[in-house]
Amino acid sequence: MNFLRICVAALLCVLAAAGSARGQGLLDSLTSDLNIRGLATTMDPETGIVTVTGDVNIVYGDVEIRCGSARYNQTTGEVVAQDGVTIWKAGTIYRGDSITYNSVSGEMSGQNVISGMVAGPSMMIYKAEEFQSKGKLENQIDAKVVNFTSHDVQNPNFHIGAKEMTAYPGDHVVMRNIKIYGGDTPFLWLPRYTQSLQENGLTFSPGYQSRWGAYLLTRYTVLHGDHTMARYKIDLRSQRGIAGGVDLISLRHKSNEQNFGTLKIYAAKDTNGGTNMAGTTRFPVPENRFRINFQHRVYLPGPDVSTWYLDFDINRISDYHFYEDYFFNDFRTDREPDNHVSLIHTNEAYVATLMAKFKANNFYRTTTRLPEISVDFTRRPLWGTGVYHQGSISAGLYNEVVGNQEEAELRRLGALGVGPNLAAVMNDPLGTAPSSYRSLAGLPRDSSLTAANISTGLGVITSRLQEPDFARFHTYHELLYPKTYLGWLNVTPRIGAGMTSYGSIDGSITGLQSFTRGIFHLGLDLSFKLTRSWSEVRSKTWGLDGIRHIFQPYVNFSYLDAKQDAGLPAIDRISSPTTRPRSIDVPFFTAVDSLRSWNVARIGFRNVLQTKRDYISTNGNGGFIDSSDHDSSLSYAWAGMNTYVDVFAKDPEFGRDISNLYNDIFWRPVPWGGVSSQWQIPISSGIGNFTELNNFITWMPSKNVSVDFGHQYISDHPFFQNSSRLYTRLITRLTENYGFTMAHIFEADDGTLEFQSYSLTRDISSWTASFGIMARDNRNGVSDVGLLLTLTLKDFPKLNFDFNIDPNPTGAGGTR
């Protein structure tokens, strides 16, 4: 009897083992992409359900599941994981008591699930009693009875509870019936809240600033539906009164909101509009001040992207100083915004534009185009000849309208100089007339004024006050024939021709009524490359995986015959001086009325060092821009230098024989370090020959320290003052919870420390606190000095308490 029992038991064990082996073998054969392992595996042959227990590990693509037990349905692709479940999916971790994952659809659901999502600079941790995520094609999470926090401890000191949640990771989250808790005590209830995961929700920014006094800036960011983000603003300033407005941003164009998809409205009742913190001429401003900015693109017929669209760029502001007083960053980047509406049609061969550019603000000079039609032809081959064509056609009615303040200043300058009266100009009570007349006469900054210069300036003043206008037709077309000879010499001859015709001219200092000129251009590009590779050169420290040196000498010869009448009042002109060499490629020269004859050869050579990388570039902040195919053998420009000089037979600017020697250098060996340099030095004497050195270094010597250093130097420029300006910024992480930042701007030419700031940051679980001090020397007897205290709550809805004496604490351009 005992023997029989032993035999039956042994038979059952053999059958069980065979079933288990059969189940695992069948599972492996039917689901080669889904790998399941565990201590014990069984399969029901009728249902096709495989059960795995004991230290279960399931891998499918980028999904990995670990749990105590799991069931897998071969028919539906559904995996039911239980007992201490952890799932890694696309870089996100999910933990729960029981989670169901469908390997076919990508859907996931479960109970008591804990996970997280990125919300701005923070990671939000949440727990949901009921959890469900959509499939592979929909980035959506639905949950019930949810708690959020950024304080990753068992009993967080701050959290948010919601009955229901719908989240779109990386975009926004919608919560219903929510309570905000401090510890275990609720202190705020909201029926519904929609929050962007990219921006702060509710922001309070109290502080003190010289031009405003004490202030409180309030901003509330919310989403309206799935199409519009709104930033509501209510601001109080002790010296300037109350102000407020709204920014509406189209989510469709969120990635390009600087250009279109925005409506900004802001109004202020200014109680102290005469405040002058700039030390320059201050014009009267109204008590009721405002801005309305509308940038948008409408596809025709819509709503889908098409080759026809309308672009709107409308900017209405109340007065000349509004941006300067309330939006300093806008004042610095675009203090005199344009206004235009354009109908655009794009094609593989051309881009056609019908533009109406008009005057909406009366206080600064505006160029109008009412209307202008243009067609820009892309560079394309002509049939099978090997010849390429590029060009443009434009026609329109053009007018330059003087602003109210500029008109008053021009009339003042004209009254001083009439005669011409050189002595009255030189003894101007405001001290601005000499430099203004030099600019009007087109003279360098340090030139001596003569009575003839004053006479020239008076003529320009008369022309501008007459508000020049004309009708203009302009066309230019160019043929190129790129060829390679002897297998190494690249030759591209260019020939171009066009014409510019002006009619109904008003505002000419010589009484010119009409004018037509022809344009003829000859060009020749010559270049070749020499390369050598060293595949054995490798260095992890310097990011080298082999190295290739490319040496490329080149010559760009350009001859242009484009005579211009001195009496023509130029509208599309080069209005601002620059330190960089002008373009000598006629199709890229957009200042049509400043097009003058030239004869120049740009001679230089490029040196490039390349290595192999699995990414094509870096984002400048220690991160990577990956290649689309993750190819590990892509060529990466590790370092480079471009050295060149312009040799003139005819210089349209300063009458030189040779330009400065230019050198542009970069070295970006690793994402956490790089050097860039642009410099030019004179190799002859005379006007237009000057020295400029611009050098910038970014370096992270360790994961806790980042250093930026820059130096801009200019000397003997005909229009710019001498300057030697240094920029520094240090960001360091002192400990796990403390960080320190400091920034400086120092002008060595006159020994002025223009800007300095120091701040200490403390991470306090759900909060981030920062304390600092800053000072700015404006050189006009008015300086800003103050303290900064910032308290930022990490959880959303975000509450940001920013005690800041300066709302625009910028360094060398941009919000540093």
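The values are calculated or read from the model by the stated rules, or taken from the named source; none is laboratory data. These numbers come from a predicted model, not from an experiment. When we count neighbours, we look across all protein chains shown, and the Cβ atoms used for this are built from the backbone with ideal geometry, even at glycine. Note: areas computed on protein heavy atoms with side chains; ligands, DNA, RNA excluded. Shrake-Rupley method; radii C 1.70, N 1.55, O 1.52, S 1.80 Å.
See the values below:
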quantity: Residue satisfying all of: in segment 554-598; touching a residue at least 12 places away in the same chain (Cβ under 8 Å) and of a type in the set (V, I, T); nearest to K529 (Cα to Cα) among these; calculated: V555
quantity: Of residues in segment 41-78 being open to solvent by less than 40 Å² (accessible area, probe 1.4 Å) and of a type in the set (G, A, S), the one farthest from the chain's Cα centre (by Cα); calculated: G48
quantity: Enumeration of residues in segment 78-122 that are out of contact with any strand residue (DSSP E or B) (no Cβ under 6 Å at 6 or more places or on another chain), closer than 17 Å to G61 by Cα and not in a strand (DSSP E or B); calculated: A90, G91, V104, S105, G106, E107
quantity: A267 vs. criteria more than 30 Å from I344 (Cα to Cα), modelled with pLDDT of 95 or more, open to solvent by 40 Å² or more (accessible area, probe 1.4 Å) and assigned to a strand (DSSP E or B); calculated: yes
quantity: From the options T698, T741, T735, T761, residue that is open to solvent by 40 Å² or more (accessible area, probe 1.4 Å), under 27 Å from the mean Cα position of the chain (by Cα) and within 30 Å of N155 (Cα to Cα); calculated: T761
quantity: Among residues of segment 669-694, those that are crowded, with 16+ Cβ neighbours inside 10 Å, part of a strand (DSSP E or B) and not β-branched (V, I, T), counted; calculated: 10
quantity: Among residues of segment 383-403, those that are touching a Phe, Trp or Tyr at 6+ places or on another chain (Cβ under 7 Å), part of a loop (DSSP other than H, G, I, E, B) and not β-branched (V, I, T), counted; calculated: 2
quantity: Which listed residue, of L479, L430, is loosely packed, with under 14 Cβ neighbours inside 10 Å, out of contact with any helix residue (DSSP H, G or I) (no Cβ under 8 Å at 6 or more places or on another chain) and outside any helix (DSSP H, G or I); calculated: L430
quantity: Within segment 708-725, considering residues that are outside any loop (DSSP other than H, G, I, E, B) and open to solvent by less than 50 Å² (accessible area, probe 1.4 Å), the one nearest to R668 (Cα to Cα); calculated: D708
quantity: Those residues of segment 433-451 which are of a type in the set (A, V, I, L, M, F, W, C), in contact with a Leu (Cβ under 7 Å, 6 or more places away or on another chain) and buried (at least 18 other Cβ atoms within 10 Å of the Cβ), in sequence order; calculated: A433, L449
quantity: Complete set of residues in segment 577-609 that are buried (at least 19 other Cβ atoms within 10 Å of the Cβ) and among the aliphatic types (A, V, I, L, M); calculated: I584, V586, V592, L595, V600, V608
quantity: Of all residues in segment 198-214 being assigned to a loop (DSSP other than H, G, I, E, B) and modelled with pLDDT under 70, the one that is least open to solvent (accessible area, probe 1.4 Å); calculated: G201
quantity: Residues within segment 685-707 that are under 30 Å from P718 (Cα atoms) and not small (G, A, S), tallied; calculated: 10
quantity: Residue under evaluation F666, criteria (1) more than 30 Å from L440 (Cβ to Cβ); (2) of a type outside the set (D, E, K, R); (3) surrounded by fewer than 15 Cβ atoms within 10 Å (Cβ to Cβ), criterion not met; calculated: (3)
quantity: Scan of segment 351-367 for residues that are part of a strand (DSSP E or B) and either over 24 Å from T378 (Cβ atoms) or aromatic (F, W, Y) (or both), ordered by number; calculated: A356, T366, T367
quantity: Residues that are under 16 Å from L39 (Cα atoms) and touching a residue at least 40 places away in the same chain (Cβ under 8 Å), drawn from segment 56-86; calculated: Y72
quantity: Residue ID - most open to solvent (accessible area, probe 1.4 Å), chosen from residues in segment 246-260 that are in contact with a Ser or Thr (Cβ under 8 Å, 6 or more places away or on another chain) and modelled with pLDDT of 85 or more; calculated: L248
quantity: Residues of segment 331-350 satisfying the condition of being open to solvent by 50 Å² or more (accessible area, probe 1.4 Å) and either touching a His at 6+ places or on another chain (Cβ under 7 Å) or not in a loop (DSSP other than H, G, I, E, B) (or both); calculated: R332, T333, D334, L343, Y350
quantity: Odd one out for N399, checked against (1) closer than 30 Å to D525 by Cα; (2) in contact (Cβ under 8 Å) with a residue 60 or more places away in the chain; (3) not acidic (D, E); calculated: (1)
quantity: Every residue from segment 154-177 that is within 15 Å of D142 (Cα to Cα) and among the β-branched types (V, I, T); calculated: T166, V173, V174
quantity: I509 vs. criteria of a type outside the set (K, R), touching a residue at least 24 places away in the same chain (Cβ under 8 Å) and open to solvent by 70 Å² or more (accessible area, probe 1.4 Å); calculated: yes
quantity: Criterion: open to solvent by 40 Å² or more (accessible area, probe 1.4 Å), basic (K, R) and either at pLDDT below 90 or not in a strand (DSSP E or B) (or both) - qualifying residue of R297, R282, R316; calculated: R282
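Each row is one residue, and each column tells you yes or no for (1) modelled with pLDDT under 90; (2) outside any strand (DSSP E or B); (3) closer than 30 Å to S702 by Cβ.
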residue: L524; (1), (2), (3): no, no, no
residue: R538; (1), (2), (3): no, no, yes
residue: Q564; (1), (2), (3): yes, yes, no
residue: G567; (1), (2), (3): yes, yes, no
residue: R582; (1), (2), (3): yes, yes, no
residue: V600; (1), (2), (3): no, no, no
residue: I603; (1), (2), (3): no, no, no
residue: N607; (1), (2), (3): no, no, no
